[in-house]
1. Anything in segment 36-70 that is outside any helix (DSSP H, G or I) and among the aromatic types (Phe, Trp, Tyr)? List them, or say none.
2. Go over the candidates Val144, Val163, Val130 one by one and state the one that is surrounded by fewer than 13 Cβ atoms within 10 Å (Cβ to Cβ) and not polar (S, T, N, Q).
3. Among what's in segment 44-71 and is of a type outside the set (A, V, I, L, M, F, W, C), surrounded by 12 or more Cβ atoms within 10 Å (Cβ to Cβ) and more than 13 Å from Glu10 (Cα to Cα), pick the residue that is modelled with the lowest pLDDT.
4. Yes or no: segment 37-58 includes at least one residue that is under 30 Å from Leu178 (Cβ atoms) and among the basic types (Lys, Arg).
5. When both residues are 6+ apart or on different chains and their Cβ atoms are under 6 Å apart, which pairs have a first residue that lies in segment 1-27 and is over 20 Å from Glu57 (Cβ atoms) and surrounded by fewer than 17 Cβ atoms within 10 Å (Cβ to Cβ), and a second that is among the small types (Gly, Ala, Ser) and modelled with pLDDT of 90 or more?
6. In segment 95-102, is there at least one residue being at pLDDT below 90, outside the structural domain of Leu178 (by TED's automatic domain parsing) and either over 30 Å from Asp179 (Cα atoms) or exposed (fewer than 15 other Cβ atoms within 10 Å of the Cβ) (or both)?
Amino acid sequence: MGQPLSDPAERLWKFVRGDTPTVEFEQWVYDTPTLEQLFGPDMYLELISLDYRDPMETVRLPDRLRSWLDEHVPRDCECITWQDKEKNPEGYETANLGADFTILKSRTPWLDLIQCLHCGSHWYLATDTVDADYYLLRLTEEQVAAILDRDEWPKQFDDLEHVWPPPGWFAHDDCRDLDDWQEKHGRPEE
């Protein structure tokens, strides 16, 4: 697994990808004097001088911070760049889902608990079988334990119609229903 990112880098990525509101990010900037060591005096001055209430000034900030992060903070995968709740079409951005992740447990053939082979982060993945989209939800340690230990899944994708197999689908896999399929495929190996 790759090197864990430092706390400031993780906080910066959360803002860049849109998971931290601007007002919360602004307060963190003011409360974190060590950012001057991280960024250097010029960029630090830019951050603490910015009028965060002015959308015209803050609109370019995520792109500027992303460029800085890309240049100064190496990463082994794209997980840190994805929002906590992400929707991506099948294609270039998601081409490595099969190679860079391992399935730890399946809820349905299109709902999986996956783990990044590089950074170790856990995601709840839903594959929409009609619209060809991937939905990803970043999971906490508690959520992962609930799935693995008690088969308790987040409700995030329960209303997505095309990630649940139609009743007749199970016959193709020699299963009676979803419970039978989960018994055959969805349980973690002992």
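The values are calculated or read from the model by the stated rules, or taken from the named source; none is laboratory data. Keep in mind that what you see is a predicted model, and the values were worked out from it rather than measured. Because the Cβ atoms are built from the backbone with ideal geometry, glycine has one as well, and the counts that use them run over all protein chains shown.
1. Once the filter is applied, which keeps residues that are outside any helix (DSSP H, G or I) and among the aromatic types (Phe, Trp, Tyr), segment 36-70 yields only Tyr52.
2. Just a single option satisfies the conditions, and that option is Val130.
3. Filtering segment 44-71 for residues that are of a type outside the set (A, V, I, L, M, F, W, C), surrounded by 12 or more Cβ atoms within 10 Å (Cβ to Cβ) and more than 13 Å from Glu10 (Cα to Cα), the one modelled with the lowest pLDDT comes out as Glu57.
4. no
5. Note: pairs meeting the criteria are Met1/Gly120.
6. No, segment 95-102 contains no residue that is at pLDDT below 90, outside the structural domain of Leu178 (by TED's automatic domain parsing) and either over 30 Å from Asp179 (Cα atoms) or exposed (fewer than 15 other Cβ atoms within 10 Å of the Cβ) (or both).
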